[in-house]
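Here, each number is a calculation from the coordinates, and none is a lab measurement. These numbers come from a predicted model, not from an experiment. Glycine also receives a Cβ, built like all others from the backbone with ideal geometry; neighbour counts cover every protein chain displayed.
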Amino acid sequence: MFQVLVHCQVPMIGLVMGERGVISRLLCPKFGGYLTFGTLGEGKESAPGQPTMTELLDVYRIKHIGPDTKVFGLIGKPLRQSKSPILHNAVFKALGLDAVYVPFLTDDLDKFLNTYSSPDFSGFSNTMPHKETAITCCHEVDPIAKSIRAVNTIIKKPADGKLVGYNTDYTGAISAIEDGIRGLEGKKYETVSPLDGRVFVVIGAGGAGKALAVGAKYKGAKVIVANRTYERAKELAELVGGQALTLAELENFQAGEGSVLANATPVGMYPNIHDTPLHSKKALSSYSVVFDAIYNPKVTKLMHEAGECGATLVSGVEMFLRQAMGQFELFTGSPAPADLMREIAMKIT
């Protein structure tokens with residue numbers, strides 16, 4: 001559709017229906033579209049995929065999008081609950097950057113990257129279920145992302161269009177957990193990580209789970225991986241020299257004093273807010289620090305119950321914020337405005 005708009009010799013309204021077609025409505029000004037359609041509010045759509053007027057004008061700033069606007073976005077499925085477009089676009093607006101960040105709902109990452117290979121698309125955040133697939137789709141992969149075997153950020157080199165994969169989940173999650181431990185114990189840990197020597201239990205063996213497991217191992221933790229599929233847990237555990245558990249075994253596992261539990265699965269995410277990856281209160285009470293990568297809701301059932309057991313809680317909002325700061329720096333080549341991004345993140349989550 002974008003190619004048709006660019007080469008059309010007369011004013012044209014070119015839109016694609018449905019959730020996958022949202023980008024055609026958001027980016028039409030960049031490619032010469034005559035106009036787009038929005039809805040006055042949710043539930044009042046006249047066609048599937050219509051953004052609200054508030055989204056068009058305030059989030060995506062459609063009146064400011066032009067031929068030179070840099071396009072960034074979030075690749076994944078599903079995307080409806082993501083706050084990334086709100087955060088990144090608000091930062092672009094505050095800093096006066098001619099850039100927009102849009103959702104790219106896709107099933108096939110390789111096909112998507114080949115289709116959107118033009119210089120108009122500068123970089124992408126990459127989320128479930130494509131983080132592991134991205135390793136083979138990028139021309140180059142940062143050493144940390146390669147060791148994690150998962151990519152959550154893809155940058156297109158302006159000079160030759162080659163794709164470079166990075167992982168900012170690792171630094172985002174691990175630094176948040178380290179700060180949680182520092183707050184709990186009041187120590188400075190000037191020479192070693194607060195994770196050094198601790199038992200670190202990761203639930204989930206996907207992209208986020210790999211980032212947490214590899215990051216914790218790098219910081220000196222004793223890593224244990226629990227997953228619904230034992231073979232996946234075993235594979236990741238072997239990668240980090242750790243131990244593998246089934247979720248059933250996790251229910252009876254006693255981690256010990258000072259241990260950390262990190263949920264890297266979507267269990268408990270909105271709208272399934274009454275779900276939890278760990279049901280045993282006895283097992284949960286053996287952890288000193290509990291982290292949940294989910295940020296919607298801000299306090300998951302797992303975190304609520306862990307708090308009742310006396311654990312120090314580290315919210316997924318911190319990971320969301322910190323990994324986004326890393327992505328901003330990769331997108332723009334400039335330091336992330338930490339205070340501004342934190343202020344925005346706290347408002348939207």
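Quick one: among Ala99, Ala47, Ala226, which has the greatest mean-square fluctuation in a GNM of the chain with alpha-carbon springs under 10 angstrom?
Most flexible of the set in this elastic network: Ala47.
Compare the Cα positions of Ala248, Ala176, Val192 along the charge dipole of the range 170-314 (+1 at Cβ of Lys, Arg; -1 at Cβ of Asp, Glu; about the Cα centre) and return the one farthest towards the positive end.
Checking the options against the dipole of the range 170-314, the answer is Val192.
How far apart, in nm, are the 7 Å Cα→Cβ label points at Lys93 and Asp196?
With each label placed 7 Å out from Cα toward Cβ, I get 4.5 nm.
In deg cm²/dmol and to the nearest 500, what is the mean residue ellipticity at 222 nm of the chain if only DSSP H runs of at least 4 residues count, each as -39500 (n - 2.57), divided by the residue total?
Calculated at 222 nm, the ellipticity per residue is -10000 deg cm²/dmol.
Would you work out the charge dipole size for the chain about its Cα centre, treating the Cβ of every Lys and Arg as +1 and the Cβ of every Asp and Glu as -1, and quote it to the nearest 20 debye?
For this selection, approximately 200 debye.
Once you put a point 7 Å from the Cα of His64 and another 7 Å from the Cα of Thr115, both along the Cβ direction, what distance in nm separates them?
2.9 nm
Going toward the positive end of the dipole of the chain, with +1 on Lys and Arg Cβ and -1 on Asp and Glu Cβ, which of Val299, Ala233, Gly96 do you reach last?
Gly96
Can you sort Asp339, Asp275, Asp169 from fewest to most other Cβ atoms within 10 Å of each residue's own Cβ?
Asp339, Asp275, Asp169
Among Thr300, Thr52, Thr168, Thr136, which comes first, second and so on when ranked by fewest other beta-carbon atoms within 10 Å?
Thr136, Thr52, Thr168, Thr300
Where the only charges are on Cβ atoms (+1 Lys, Arg; -1 Asp, Glu), what is the dipole of the range 98-239 about its Cα centre, to the nearest 20 debye?
Its charge dipole is roughly 480 debye.
Rounded to whole Hz and in sequence order, give me ³J(HN,Hα) for the range 326-337 from the Karplus expression 6.51 cos²θ - 1.76 cosθ + 1.60, θ = phi - 60°, writing x for Gly and Pro.
Ordered by residue, 3J(HN,Hα) equals x, 5, 4, 5, 6, 5, 10, x, 10, x, 6, x Hz.
On full extension of the chain, what length is gained from Lys157 through Arg182, given 0.36 nm per residue of separation minus the C-alpha to C-alpha distance?
Extra length available between Lys157 and Arg182 comes to 5.2 nm.
What dipole magnitude, in Debye to the nearest 20, does the range 170-314 give about its Cα centre under +1 on Lys/Arg Cβ and -1 on Asp/Glu Cβ?
The calculation lands at about 120 debye.
Could you list Cys137, Cys28 so that the one with the fewest beta carbons within 10 Å of its beta carbon is first and the one with the most is last?
Starting with the residue having the fewest Cβ neighbours, the order is Cys137, Cys28.
What GluC sites (Glu not before Pro) in the range 129-200 are in a loop by DSSP, with at most 11 other Cβ atoms within 10 Å of the Cβ?
Filter output for the range 129-200: Glu190.
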